[in-house]
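Asker: To start, I am sharing the structure in question, which I have written as structure tokens.
The values are calculated or read from the model by the stated rules, or taken from the named source; none is laboratory data. It should be emphasised that the depicted structure is a prediction, and the values quoted were computed from it without experimental measurement. Cβ coordinates were reconstructed from backbone atoms using ideal geometry, including for glycine residues, and neighbour counts include every protein chain displayed. Heavy atoms of the whole protein, side chains included, go into the accessibility calculation; ligands, DNA and RNA do not. Shrake-Rupley method; radii C 1.70, N 1.55, O 1.52, S 1.80 Å.
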Amino acid sequence: TQRLTIYKTVRTTQSLTANTVSYTIGSGGTINIPRPESISYAGLIIDNSLDAADQTELPIAVLSDQDWAQLVWQKRLASGLSQGVYFDYGFNSSGLGLLYPWPIPDVSTTTLALYCPTQLAEFADQNTTSYTFPPGYQAMLEYGLAVRLAPMFGRKLDPVLDRLAMQSMNHVKRANSRMREKRCDNAVVSGDADAADSAAQGD
């Protein structure tokens, strides 16, 4: 559940069916992926009848709870092109949440693309399966497990071990940190704002 321990974002596509209000998301759901803790980005493929190389994917909004709540009378709005998706973060008895495209598509020619951080899966067994992780994960998992197990076996937590567990997790989080582009208004970057101020002052 800690975002920076997740090292990859997975792109998943789901064809949208006309007049379908919502889709279950999670293992065994309509969108059959591990239930995501969050959705980083979303896109809409506007014509899924084309070959993958010829398809156009438009970025669409990932609506927050506040965005969704403000759509008071428009949640059932229908359109050929959805402009956003809302993930309700639900967790039913099957471990599924719900995803709502908005507006609701009234055609079946579009496909939703989701970009979700994908958590590490639980280990299937102890002895017969090999697991491969990026650099740093072995130390994080081993030291973290030792810290968790010590009290269960009546052992006093060694401060050195605790520090190693924290350091190894910090190393992994630092490696998984991705710089994001910071955007500025074009008027500020180009100097148009200064020109506009000068014009307003009669210079």
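Asker: If you take Rg/Rh (Cα atoms, Kirkwood Rh) from the coordinates, which of (1) 1.28; (2) 0.96; (3) 1.11 do you get?
Answerer: Entry (3).
Asker: Another one. How would you classify the range 129-175 from its alpha-carbon gyration tensor, with a ≥ b ≥ c the square roots of the eigenvalues: rounded for a/c under 1.5, else prolate if a/b is greater than b/c, otherwise oblate?
Answerer: It comes out oblate by the Cα gyration axes.
Asker: For the range 61-175, just say rounded, prolate or oblate: build the C-alpha gyration tensor, square-root its eigenvalues into a ≥ b ≥ c, call rounded for a/c under 1.5, and beyond that prolate if a/b exceeds b/c, oblate if not.
Answerer: Taking the square roots of the gyration eigenvalues as a ≥ b ≥ c, the range 61-175 is prolate.
Asker: I would also like to ask the following. Tell me the per residue accessible area of the chain using a 1.4 Å probe; a whole number in Å² is fine.
Answerer: Heavy-atom accessible area per residue stands at 68 Å².
Asker: Once the Cα atoms of helix 137-149 and of the chain are each reduced to a long axis, what angle between those two axes, in degrees from 0 to 90 to the nearest 10, is obtained?
Answerer: With rounding to tens, the tilt is 60 degrees.
Asker: Testing the spin-label approximation: label points 7 Å from Cα along Cα→Cβ at THR129 and ALA175. State their distance in nm.
Answerer: About 2.1 nm, to one decimal.
Asker: So what is the relative contact order of the range 39-173, in percent, for Cα pairs below 8 Å that sit 6 or more residues apart?
Answerer: 23
Asker: Follow-up question, since we're still on this one. Which order do the peptides 149-159, 132-142 come out in when sorted by mean C-beta neighbours inside 10 angstrom, highest first?
Answerer: In decreasing order of mean packing, 149-159, 132-142 become 132-142, 149-159.
Asker: Could you calculate the FRET efficiency of LEU71 with ALA187 from 1/(1 + (r/R0)^6), where r is the beta carbon distance between them and R0 is 35 Å, rounded to 0.05?
Answerer: 0.70
Asker: A further question on this structure: In deg cm²/dmol and to the nearest 500, what is the mean residue ellipticity at 222 nm of the chain if only DSSP H runs of at least 4 residues count, each as -39500 (n - 2.57), divided by the residue total?
Answerer: Per the formula, -7000 deg cm²/dmol.
Asker: Separate question: With each pseudo-label sitting 7 Å past Cα toward Cβ, what's the LEU149-ALA18 distance in nm, one decimal?
Answerer: About 5.8 nm separates the two model spin labels.
Asker: Sort 72-84, 171-183 by the packing proxy (mean of other Cβ within 10 Å over each peptide's residues), most packed first.
Answerer: Top of the packing list down: 72-84, 171-183.
Asker: Counting only protein heavy atoms and a 1.4 Å probe, tell me what percentage of the chain's accessible area is made up of carbon and sulfur.
Answerer: With neighbouring chains kept in place, the figure for the chain is 52 percent.
Asker: Right, next: Mind jotting down the distance between the C-alpha centroids of the range 154-187 and the range 15-90, whole Å?
Answerer: Using only Cα atoms to place each centre, the spacing works out to 31 Å.
Asker: May I ask you to order 39-45, 5-11 by the average number of other C-beta atoms within 10 Å around their residues, highest value first?
Answerer: For the peptides 39-45, 5-11, the packing ranking is 39-45, 5-11.
Asker: Ok, one more. Label 7 Å along Cα→Cβ of ALA52; the range 1-44 residues with amide nitrogen under 12 Å?
Answerer: 11-13
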